[in-house]
Amino acid sequence: MNIFRLTGDLSHLAAIIILLLKIWKSRSCAGISGKSQILFALVFTTRYLDLLTSFISLYNTIMKVIYIGCAYATVYLIYVKFKATYDGNHDTFRVEFLVVPVGGLAFLVNHDFSPLEIFWTFSIYLESVAILPQLFMISKTGEAETITTHYLFFLGLYRALYLINWIWRYYFEGFFDMIAIVAGIVQTILYCDFFYLYVTKVLKGKKLSLPA
């Protein structure tokens with residue numbers, strides 16, 4: 001554990017809590033991509049299967065359980081509790097174009113050809129592109145609520161901090177994971193344009209608008 005991984009975890013948790021509070025307090029999931037949230041739930045489920053086989057630390061176990069629980073709670077709020085407010089007409093990204101290629105890549109490129117390792121690799125690859133339905137939805141509607149942009153910002157910050165974490169671990173621990181690093185770079189690139197708009201507009205009190 002280092003400061004970059006810890007702050008990355010906290011940024012990730014902040015993003016999830018922001019999203020849940022936004023939905024619960026407004027009693028609406030307008031502007032939120034249910035498809036992205038399903039993908040994140042799939043990411044956490046396949047990544048943390050090791051909860052059934054090994055124990056690393058209390059912190060590690062608690063955070064994994066929180067991520068899984070919050071992911072499914074978000075999906076429940078979108079598709080059950082506040083289903084009437086879900087904007088399915090704009091949430092039209094074809095997620096099979098992400099899941100199928102990622103699944104195939106996980107079988108072909110992994111550290112070890114074992115079920116748990118393949119599922120872990122699948123989760124790493126899928127997480128790098130899971131936000132695409134949300135970004136696609138924002139591009140279709142042309143704008144996003146401020147609270148939604150805060151969620152996206154903290155989600156992107158988490159991934160950027162994890163990239164620094166990998167660099168730290170390489171220099172000070174000699175640990176290097178090419179799969180996680182490449183996937184992290186891809187994910188961070190997807191957020192770059194959004195980060196620019198967030199800093200130049202949202203932090204100045206302007207409403208975020210993206211080109212359709």
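Which shape class applies to the range 94-159: rounded if a/c is under 1.5, otherwise prolate when a/b exceeds b/c and oblate if not, where a ≥ b ≥ c are the square roots of the Cα gyration tensor eigenvalues? Oblate shape, in that a/c is at least 1.5 and b/c is the bigger or equal ratio. Counted as membrane-span-like here are DSSP H helices of the chain whose alpha-carbon atoms extend 30 Å or more along the helix's own axis and whose Kyte-Doolittle mean is -0.5 or above; these are 3-26, 146-173, 178-200. What net charge is computed for the residues neighbouring Val182, neighbours being all others with C-beta under 13 Å from the C-beta of Val182, Lys and Arg scored +1, Asp and Glu -1? Net charge in that neighbourhood comes out at -1. Of the residues Val182, Val100, Val43, ranked by 1.4 Å probe accessible area with the largest first, the sequence reads Val100, Val182, Val43. Across the range 33-89, Cα pairs under 8 Å and at least six residues apart give a relative contact order of 49 percent. Site-free segments of the chain were taken between trypsin sites (Lys or Arg not before Pro) in DSSP loops having at most 14 other Cβ atoms within 10 Å, sites themselves excluded; the longest one is 95-205. Entry note, the chain: relative contact order of 31 percent, from Cα contacts under 8 Å with a spacing of 6+ residues.
For the residue pairs Lys35/Lys81; Lys25/Lys64; Lys25/Lys81; Lys35/Lys83, alpha carbon separations beyond 20 Å are given by Lys25/Lys64.
Annotation: Asp50 carries an accessible surface of approximately 40 Å², with a 1.4 Å probe and no ligand, DNA or RNA atoms counted. In this view, the solvent-accessible surface of Tyr151, computed with a 1.4 Å probe and all protein chains in place, comes to about 10 Å². Roughly speaking, what is the centre-to-centre gap between the range 96-160 and the range 18-89 when only Cα atoms are used, to the nearest Å? First find each Cα centre; the distance between them is then 13 Å.
The residues packed around Ser128, meaning those with a beta-carbon under 13 Å from its beta-carbon, carry a net charge of +1 if Lys and Arg are +1 and Asp and Glu are -1. Estimated at the nearest 10 Å², the accessible area of Met63 is 20 Å² with a 1.4 Å probe.
Shown here for the range 78-120: chymotrypsin sites (Phe, Trp or Tyr not before Pro) in loop regions (DSSP other than H, G, I, E, B) with at most 14 other Cβ atoms within 10 Å, namely Phe113.
Among the chymotrypsin sites (Phe, Trp or Tyr not before Pro) within the range 8-67, those in coil by DSSP and having at most 14 neighbouring Cβ atoms inside 10 Å are Phe55.
If we count every other residue with Cβ under 13 angstrom of Leu13's Cβ, Lys/Arg +1 and Asp/Glu -1, where does the sum land? Could you put the intermediate results ahead of the total?
Numbers: positive: Arg5, Lys64; negative: Asp9.
Local net charge: +1.
The values are calculated or read from the model by the stated rules, or taken from the named source; none is laboratory data. Since we're looking at a predicted model, the values are computed, not measured. Virtual Cβ from ideal backbone geometry, glycine too; neighbours counted across all protein chains shown. Surface accessibility is based on the protein's heavy atoms, side chains included, excluding ligands, DNA and RNA. Shrake-Rupley method; radii C 1.70, N 1.55, O 1.52, S 1.80 Å.
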